[in-house]
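Everything below concerns the one structure shown next.
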Amino acid sequence: MSRGEVEINFDGIIGPTHNYAGLSLGNLAATNNAGDVSHPRAAALQGIAKMRSNIALGLHQGILLPHPRPNHDWLASLSKDMASASRALQANAFSASAMWAANAATVSPASDTADGKCHLTVANLVTMPHRSHEWPFTLWQLELAFADSHFRVHPPVPPPFGDEGAANHMRMAADHAGPGIEIFVYGETGGPFPARQHVEASRAIARRHGLDPERTLFVQQSPEAIAAGAFHNDVVAVADGLTLFAHEQAFAAKEGFYTDLRRLLPEVRIVEVPAAAVSLADAVRSYMFNAQLVTPPGGAQALILPREARENGPAWAWLEQILRGNGPIRQAHIVDVRESMANGGGPACLRLRVVADPAWVDPRFLMDSHKLDLIANVVTRYWPETVRQHDIGDEKIWENSELGWLMLMKELQVNAIL
Ligand code: SUG
């Protein structure tokens with residue numbers, strides 16, 4: 001362990017092809033907003049504004065790159081190209097879904113692993129076609145960002161065991177750099193919507209990361225939560241430090257899970273929101289749990305919440321009660337990530353947490369406000385103001401998206417090949 005280890009939030013930069021194609025069954029925001037006009041420039045600037053406000057809180061900030069889209073390689077592997085592909089395949093190839101960095105990988109900090117390295121396993125995202133082709137570029141960029149010998153980057157777990165990365169993984173620890181408890185949350189198939197995280201994928205990741213079985217928990221997500229639109233656990237639960245903030249109906253066998261957690265981490269603080277106060281439907285509508293739960297330096301724990309949580313009566317009433325109470329969460333910061341939210345991606349979806357010494361990370365992936373200005377300039381210049389569904393079939397739009405992406409790679413001095 002190094003004294004310089006801190007939590008770094010790596011946010012996905014929202015790419016120029018951000019659109020509402022309704023591709024994710026079980027993600028109610030995405031399916032309800034299918035066909036709407038998207039605003040990629042505003043979307044990316046909202047993400048950048050969120051990063052700026054987190055930097056202002058004293059948090060460490062990094063980025064993950066947007067992926068080159070349309071993904072011609074993926075279409076070629078299906079013996080297709082954009083011009084001849086069906087509308088459905090075009091939309092799958094064009095999606096900017098890599099913005100949701102919480103789905104990029106599962107991360108185990110060095111203090112949890114047998115070899116003392118920070119392990120990252122790239123998520124295979126096999127359940128949704130538009131997300132299943134993210135992993136090659138994610139693997140490439142994680143190998144670049146985390147090339148230092150303090151890290152080990154693993155390729156995805158093989159199909160058919162679906163893995164959606166950190167969205168279904170929580171880590172609790174008295175301090176970020178100390179030994180932690182890792183909690184893997186999986187789903188069981190059988191409900192109206194797909195269960196995206198397979199327990200075998202979670203178990204394989206725990207083994208390859210060299211986690212101590214005594215300090216690793218596997219917890220089933222409640223089928224009611226998935227059926228209500230919690231397609232990832234991070235829609236109904238979030239953890240930081242010693243605090244677990246969760247909906248009463250987030251987990252299938254809640255009592256057993258809480259008992260294990262209290263045994264392994266006696267100082268744990270479970271902040272549970274009762275269904276009688278906030279229904280699963282309101283939890284999903286408001287994304288109150290898809291907050292970043294953070295501990296700013298020297299401060300009390302804070303929630304970085306989407307505007308939608310402030311606008312939802314029951315969710316906000318309960319949040320105000322939590323903030324006024326005696327519990328560990330004392331501050332709330334509201335951010336506007338409306339464009340991402342309309343596809344089911346809140347503040348927590350947009351970031352991947354890595355506990356590491358920033359000196360180990362390729363500096364091109366670490367941000368300060370000046371570097372964010374440079375990115376914002378490229379976005380303002382090259383990202384389209386709108387994307388309509390019929391634009392996805394327009395060659396001119398593909399070319400402009402590719403140009404914007406290349407200009408960003410140039411600005412960031414990343415030598416990626418389109
Ligand atoms: O995988 N939406 C993403 C949202 C991911 C949110 N991530 C976390 N909860 N961590 C998904 O469902 C919608 C794309 C579209 O329909 O165009 C989409 O992929």
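Only bridges whose two residues both fall in the range 6-411 count here: according to DSSP, what percent of them are antiparallel, nearest 5?
DSSP beta bridges in the range 6-411 are roughly 50 percent antiparallel.
What is the local net charge at residue 82, summed over the other residues whose Cβ is closer than 13 Å to its Cβ (Lys, Arg +1; Asp, Glu -1)?
-3
Computed FRET efficiency, Cβ-Cβ of residue 399 and residue 115, R0 41 Å: what is it to the nearest 0.05? Walk me through the numbers on the way to the answer.
Details: r = 45 Å, r/R0 = 1.11.
FRET efficiency, residue 399 to residue 115: 0.35.
Where is the GNM fluctuation largest for the chain (alpha-carbon springs, 10 angstrom cutoff): 241, 344, 180?
Between 241, 344, 180, it is 241 that shows the largest mean-square fluctuation.
If Lys and Arg each add +1 and Asp and Glu each add -1, what is the summed charge of the other residues whose beta carbon sits under 15 Å from the beta carbon of residue 36?
Its environment carries a net charge of -1.
Using a 10 angstrom cutoff on alpha carbons, build the Gaussian network for the chain and name the most mobile of 208, 364, 263.
263
Sort out for me the Cα centre separation of the range 234-310 from the range 191-211, rounded to whole Å.
Here the two parts' Cα centres lie 21 Å apart.
At q = 0.11 Å⁻¹, what is the base-10 log of I(q)/I(0) for the range 321-418 according to the Debye formula with one equal point scatterer per Cα and no solvent? Please give it to two decimals.
The computed values of log10 I(q)/I(0) come out as -0.55.
Under 10 Å, Cα contacts only: if you run a Gaussian network model on the chain, which one of 130, 39, 72 comes out with the highest mean-square fluctuation?
72
Work out, step by step, the length gained on full extension between residue 37 and residue 79: first 0.36 nm times the residue separation, then minus their alpha carbon distance; give nm to one decimal.
Between residue 37 and residue 79, full extension yields 12.1 nm more.
In square nanometres, what is the average projected area of the Cα convex hull of the range 105-236?
7.9 nm²
Counting pairwise Cα distances across the chain, what percent come out greater than 40 angstrom?
Considering the chain, 9 percent of its Cα-Cα pairs are separated by more than 40 Å.
Report, by chain and number, residues whose modeled amide H sits under 5 Å from the one on residue 186, excluding near sequence neighbours (fewer than 5 apart, same chain).
219, 220, 221
Less than 13 Å from a label point 7 Å out along the Cα-to-Cβ axis of residue 373: which backbone N atoms in the range 394-413 qualify, by residue?
Once the point is set 7 Å along Cα→Cβ of residue 373, nothing inside the range 394-413 turns out to lie under 13 Å by backbone N.
Computed from the coordinates by the stated procedures, all read-outs in this text should not be read as laboratory data. The structure displayed is predicted, hence computed values, not measured ones. Don't worry about glycine lacking a Cβ; one is built from the backbone with ideal geometry, like all the others, and counts go over all protein chains shown.
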